[in-house]
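Heads up: the structure comes next, in structure tokens.
The values are calculated or read from the model by the stated rules, or taken from the named source; none is laboratory data. Computed from a predicted structure; not experimentally measured. Glycine also receives a Cβ, built like all others from the backbone with ideal geometry; neighbour counts cover every protein chain displayed. SASA here: full protein model, heavy atoms, side chains in, ligands and nucleic acids out. Shrake-Rupley method; radii C 1.70, N 1.55, O 1.52, S 1.80 Å.
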Amino acid sequence: METTKKSEKELLLEFEEKINGEQKIEPLDWMPEEYRQHLIRQISQHAHSEVIGMQPEGNWITRAPSLKSKKVLLAKIQDEGGHGLYLYSAAETLGVTRDQFIQWLHEGKSKYASVFNYAALTWADMGAIGWLVDGAAITNQVSLQRTSYGPYSRAMVRICKEESFHQRQGYKIMQNMMEGTKDQQEMAQDALNRWWWPALMMFGPHDGDSPRTNLAMKWKIKRETNDQLREKFINKTIPQAELIGLKVPDSNLELLTDGTYKHSDINWDEFWQVVNGNGPCNQQRLAHHIKVHNDGAWVRESAMLTSLIEE
Ligand code: 3HC
């Protein structure tokens, strides 16, 4: 018994030496169960976010104001589906099947980014989502490129290359509208008003309120904390808004001498309401995912059959 206990300790020591030596942890390496479970949760929920995030934007493909904007939106949404697949593949290396991840999502045991539980009401929302939601995701994902788990890090490198196009196309929509008619300017400002705070919520709870931040930082799953990333996003996005004449919906904003902004805090009651399933679109998003997953069962079955026939 003593030998097994000792080797567990030695294994943990070796694991932490790898982490501290900036060596990636790979699927077949020994890892603490807590590390594995943290990654299973975080990567699968990240994957769910990519796929569910296709819904609010998908509703605007047929309403895009031009063929060009329709093509750009289609390309972006297709990218998101691919991001979901990279991330499910990375999560599967931890010993859980994709079917299991989907089942946990459908049972409400697994979450996705709360931001997608808000409705996309106008075309300007496509701009606000690309600029703010993808912009926040980039801030988080650029940092996650250095995560200690190999498959997650490599998925992030690939995803970040495409995410910057998403943010740019969103900002371009907002810029065009701000150069347009008064109605278009008001539509863009309305979209910023509705999406600013849900985008800040994407970075999760305050560091002190997050039960997982310490372990995520200790084992380098995260390289920067939720609050550090949120502040980074706020400080770079406010000047972008002001550059095109938009006003961030926070009456307490104050530019400090060090170039950062003093700002109001998030409405954490709203945050937990939406995270816990009581947001404007939670039911609709999940019901749609379940319906489409079931409707697509025949595609998965025929793909499986084809692969069996080809063997
Ligand atoms: N939305 C939904 N749920 C959230 C959340 C959010 N913004 N923030 C926290 N939660 C949930 C957590 O999942 C956890 O629930 P669980 O125990 O059932 O899993 C609970 O609230 C407590 O939160 P934690 O303290 O554990 O949260 P973390 O400190 O882990 O931070 C996180 C949450 C910021 C989402 C973190 O997990 C993370 O950085 N994940 C990787 C990045 C990610 O998932 N990004 C999704 C962005 S959307 C996207 O990329 C699509 C693109 O196309 C825009």
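Considering only region 67-78, I want to know if a residue exists there that is within 15 Å of the ligand (Cβ to nearest atom), β-branched (Val, Ile, Thr) and under 25 Å from Glu163 (Cβ atoms). Before the answer, list the steps.
Our first condition is that a residue be within 15 Å of the ligand (Cβ to nearest atom); within region 67-78, this holds for 72-78.
Remaining after also requiring β-branched (Val, Ile, Thr): 72, 77.
Imposing the further condition that a residue be under 25 Å from Glu163 (Cβ atoms) reduces the set to 72, 77.
Yes: region 67-78 contains one or more residues that are within 15 Å of the ligand (Cβ to nearest atom), β-branched (Val, Ile, Thr) and under 25 Å from Glu163 (Cβ atoms).
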Practice task
Working only within region 163-182, note down all residues that are within 28 Å of Ile221 (Cβ to Cβ) and surrounded by fewer than 18 Cβ atoms within 10 Å (Cβ to Cβ).
Solution key: Ser164, Phe165
Problem - Checklist (1) over 16 Å from the mean Cα position of the chain (by Cα); (2) in contact (Cβ under 8 Å) with a residue 40 or more places away in the chain; (3) farther than 30 Å from Leu12 by Cβ applied to Thr139, failing item - result: (1)
Practice task
Kindly indicate whether any position in region 260-270 is of a type in the set (Val, Ile, Thr), at pLDDT below 95 and farther than 23 Å from Val115 by Cα.
Solution key: no
Practice task
Starting from region 70-86, keep only residues that are of a type in the set (A, V, I, L, M, F, W, C), then list their pairs with residues that are more than 13 Å from the ligand (Cβ to nearest atom) whose Cβ atoms are within a distance under 8 Å, requiring at least 6 positions of separation or different chains.
Solution key: Leu73/Trp60; Leu73/Ile61; Leu73/Ala64; Leu74/Ile61; Ile77/Ile61
Completion exercise
Of the residues in region 54-69, those that are closer than 28 Å to Asp99 by Cβ, in contact (Cβ under 8 Å) with a residue 40 or more places away in the chain and buried (at least 17 other Cβ atoms within 10 Å of the Cβ) number 3
Handout entry: Subset of region 11-53 that is near the ligand (Cβ under 9 Å from one of its atoms) and of a type in the set (Gly, Ala, Ser) - its residue that is surrounded by the most Cβ atoms within 10 Å (Cβ to Cβ)
Key = Ala47
Handout entry: Long-range neighbours under 6 Å by Cβ, at least six apart or interchain, first residue surrounded by fewer than 18 Cβ atoms within 10 Å (Cβ to Cβ) within region 183-202, second not hydrophobic (A, V, I, L, M, F, W, C)
Key = Asn193/Pro249
Fill in the blank from the handout: Taking region 243-268 and keeping residues under 26 Å from the mean Cα position of the chain (by Cα), free of Cβ contacts under 8 Å to residues at least 24 places away in the same chain and assigned to a loop (DSSP other than H, G, I, E, B) leaves Leu253, Ser264, Asp265
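When you look at Leu105, is it under 30 Å from Pro32 (Cβ atoms), more than 10 Å from the ligand (Cβ to nearest atom), of a type in the set (A, V, I, L, M, F, W, C) and assigned to a loop (DSSP other than H, G, I, E, B), yes or no? Show your work before the answer.
Values: under 30 Å from Pro32 (Cβ atoms): yes; more than 10 Å from the ligand (Cβ to nearest atom): yes; of a type in the set (A, V, I, L, M, F, W, C): yes; assigned to a loop (DSSP other than H, G, I, E, B): no.
Against the criterion (under 30 Å from Pro32 (Cβ atoms), more than 10 Å from the ligand (Cβ to nearest atom), of a type in the set (A, V, I, L, M, F, W, C) and assigned to a loop (DSSP other than H, G, I, E, B)), Leu105 does not qualify.
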Fill in the blank from the handout: Across region 108-124, the tally of residues that are more than 16 Å from the ligand (Cβ to nearest atom) and buried (at least 17 other Cβ atoms within 10 Å of the Cβ) stands at 3
Practice task
Looking only at region 91-102, decide whether some residue is under 18 Å from the mean Cα position of the chain (by Cα), open to solvent by less than 70 Å² (accessible area, probe 1.4 Å), modelled with pLDDT of 95 or more and within 9 Å of the ligand (Cβ to nearest atom).
Solution key: no
